[in-house]
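J.: Dumping the structure here so I can ask a few things about it.
The values are calculated or read from the model by the stated rules, or taken from the named source; none is laboratory data. Note that the structure is a prediction, hence the values are computed from the model and not measured. Note that each Cβ is placed from the backbone with ideal geometry, even for glycine, and that neighbours are counted across all protein chains shown.
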C-alpha cells in the first residue's frame with residue numbers, strides 16, 4: 001500500500017500537512033506514515049540523564065501523535081503508523097524515504113513567516129531532484145475547508 005509520509009513536529013504548519021495527508025490517503029485508499037525526529041542535540045549536555053530525556057521525548061511524541069491518529073481514524077478511516085527516528089531531521093527524512101519503499105509522497109507544511117517556508121521545506125526542496133518520490137508542500141495558512149475541497 002502506498003503511504004503519504006508526513007513529519008510531526010511542533011510547528012503550526014504541521015496541522016495542515018497532517019490534514020492533507022489524511023484526506024488524500026482516505027480518498028485514494030493509501031496509508032499515512034507519521035515521522036517524528038528527536039534531535040540528538042537535546043541530550044548532548046546531559047549525558048547522565050540522556051536515556052531518561054530520550055524516553056520523555058518519545059512519550060511527548062506518542063501523545064502528540066495520538067491526537068492526530070484519533071482524528072484520522074475517527075474522521076477519515078485511516079490508521080496511521082508512527083515512526084520515531086533520532087538525528088538530523090533532513091537526514092532522517094531522506095533515510096526513512098529510502099528505507100521504506102511503500103512511502104510514495106512526502107507531505108510538508110510550509111510556514112507562513114516572512115522569513116520563508118521553514119527549514120525542512122527549504123532544505124528538502126533543494127534535494128528534491130534526488131528524491132525517489134514527490135514532495136507535496138501544503139500552505140500553513142490554508143483553511144480546513146480549502147484543504148477538504150482540493151483533496
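J.: Would you confirm, using the coordinates I've provided, whether residue 147 is in contact (Cβ under 8 Å) with a residue 60 or more places away in the chain and in contact with a strand residue (DSSP E or B) (Cβ under 7 Å, 6 or more places away or on another chain)? It would help to see each step written out before you state the result.
T.: Numbers: in contact (Cβ under 8 Å) with a residue 60 or more places away in the chain: yes; in contact with a strand residue (DSSP E or B) (Cβ under 7 Å, 6 or more places away or on another chain): no.
It is false that residue 147 is in contact (Cβ under 8 Å) with a residue 60 or more places away in the chain and in contact with a strand residue (DSSP E or B) (Cβ under 7 Å, 6 or more places away or on another chain).
J.: Would you say residue 59 is part of a helix (DSSP H, G or I), without any contact (Cβ under 8 Å) to a residue 40 or more places away in the chain and surrounded by fewer than 17 Cβ atoms within 10 Å (Cβ to Cβ)? Give the derivation first.
T.: On the way: part of a helix (DSSP H, G or I): yes; without any contact (Cβ under 8 Å) to a residue 40 or more places away in the chain: yes; surrounded by fewer than 17 Cβ atoms within 10 Å (Cβ to Cβ): yes.
Spelling it out, residue 59 is indeed part of a helix (DSSP H, G or I), without any contact (Cβ under 8 Å) to a residue 40 or more places away in the chain and surrounded by fewer than 17 Cβ atoms within 10 Å (Cβ to Cβ).
J.: Scanning the stretch 129-144 for residues that are assigned to a helix (DSSP H, G or I) and free of Cβ contacts under 8 Å to residues at least 40 places away in the same chain, which turns out nearest to residue 112 (Cα to Cα)? It would help to see each step written out before you state the result.
T.: Pass one, the stretch 129-144, residues assigned to a helix (DSSP H, G or I): 129-130, 144.
Restricting the remaining residues to those that are free of Cβ contacts under 8 Å to residues at least 40 places away in the same chain gives 129-130.
Numbers: 129: 24, 130: 26 Å.
Once the filter is applied, the top-ranked residue is 129.
J.: Is it true that residue 64 is over 15 Å from residue 106 (Cβ atoms), surrounded by fewer than 21 Cβ atoms within 10 Å (Cβ to Cβ) and modelled with pLDDT of 90 or more?
T.: Numbers: over 15 Å from residue 106 (Cβ atoms): yes; surrounded by fewer than 21 Cβ atoms within 10 Å (Cβ to Cβ): yes; modelled with pLDDT of 90 or more: yes.
Spelling it out, residue 64 is indeed over 15 Å from residue 106 (Cβ atoms), surrounded by fewer than 21 Cβ atoms within 10 Å (Cβ to Cβ) and modelled with pLDDT of 90 or more.
J.: Now for a separate question. Restricting to the stretch 92-118, name every residue that is assigned to a helix (DSSP H, G or I), without any contact (Cβ under 8 Å) to a residue 24 or more places away in the chain and more than 18 Å from residue 61 (Cβ to Cβ).
T.: Initially, the stretch 92-118 is screened for residues assigned to a helix (DSSP H, G or I), giving 92-99.
Imposing the further condition that a residue be without any contact (Cβ under 8 Å) to a residue 24 or more places away in the chain reduces the set to 95, 99.
Correct list: 99 only.
J.: Residue 22 is checked against (1) in contact (Cβ under 8 Å) with a residue 24 or more places away in the chain; (2) touching a helix residue (DSSP H, G or I) at 6+ places or on another chain (Cβ under 9 Å); (3) more than 26 Å from residue 142 (Cβ to Cβ) and fails just one. What number does that condition carry?
T.: All conditions pass for residue 22, except number (3).
J.: Only one of (1) surrounded by 14 or more Cβ atoms within 10 Å (Cβ to Cβ); (2) touching a strand residue (DSSP E or B) at 6+ places or on another chain (Cβ under 7 Å) is not met by residue 94, so which one is it?
T.: (2)
J.: Is it the case that some residue within the stretch 37-51 is within 13 Å of the chain's Cα centre (by Cα) and modelled with pLDDT of 95 or more? Full working, then the answer.
T.: Initially, the stretch 37-51 is screened for residues within 13 Å of the chain's Cα centre (by Cα), giving 37-38.
Going one step further and asking which of them are modelled with pLDDT of 95 or more, we end up with 37.
For the stretch 37-51, residues within 13 Å of the chain's Cα centre (by Cα) and modelled with pLDDT of 95 or more: present.
J.: Shifting gears a bit: I'd like the residue in the stretch 70-80 that is in contact with a helix residue (DSSP H, G or I) (Cβ under 9 Å, 6 or more places away or on another chain) and loosely packed, with under 15 Cβ neighbours inside 10 Å and, out of all such residues, is farthest from residue 130 (Cα to Cα). It would help to see each step written out before you state the result.
T.: Residues of the stretch 70-80 in contact with a helix residue (DSSP H, G or I) (Cβ under 9 Å, 6 or more places away or on another chain): 71-72, 75-80.
If we keep only those that are loosely packed, with under 15 Cβ neighbours inside 10 Å as well, we get 75, 77, 79.
Details: 75: 35, 77: 33, 79: 29 Å.
Taking the candidates together, the pick is 75.
J.: For residue 89, state whether it is exposed (fewer than 14 other Cβ atoms within 10 Å of the Cβ), within 27 Å of residue 40 (Cα to Cα) and in contact (Cβ under 8 Å) with a residue 24 or more places away in the chain. Break it down stepwise before answering.
T.: Numbers: exposed (fewer than 14 other Cβ atoms within 10 Å of the Cβ): no; within 27 Å of residue 40 (Cα to Cα): yes; in contact (Cβ under 8 Å) with a residue 24 or more places away in the chain: yes.
It is false that residue 89 is exposed (fewer than 14 other Cβ atoms within 10 Å of the Cβ), within 27 Å of residue 40 (Cα to Cα) and in contact (Cβ under 8 Å) with a residue 24 or more places away in the chain.
J.: I would also like to ask the following. Which condition does residue 32 not pass, out of (1) surrounded by 18 or more Cβ atoms within 10 Å (Cβ to Cβ); (2) out of contact with any helix residue (DSSP H, G or I) (no Cβ under 9 Å at 6 or more places or on another chain); (3) under 20 Å from residue 140 (Cβ atoms), if it passes all the others?
T.: (2)
J.: Still on this structure, I have one more. Tell me which residues, restricted to the stretch 69-91, are at pLDDT 95 or above, assigned to a helix (DSSP H, G or I) and more than 20 Å from residue 27 (Cα to Cα).
T.: Across the stretch 69-91, there are no qualifying residues.
J.: When you scan the stretch 104-115, do you find a residue that is at pLDDT 95 or above, farther than 20 Å from residue 13 by Cβ and surrounded by 14 or more Cβ atoms within 10 Å (Cβ to Cβ), even just one?
T.: Yes, the stretch 104-115 contains at least one residue that is at pLDDT 95 or above, farther than 20 Å from residue 13 by Cβ and surrounded by 14 or more Cβ atoms within 10 Å (Cβ to Cβ).
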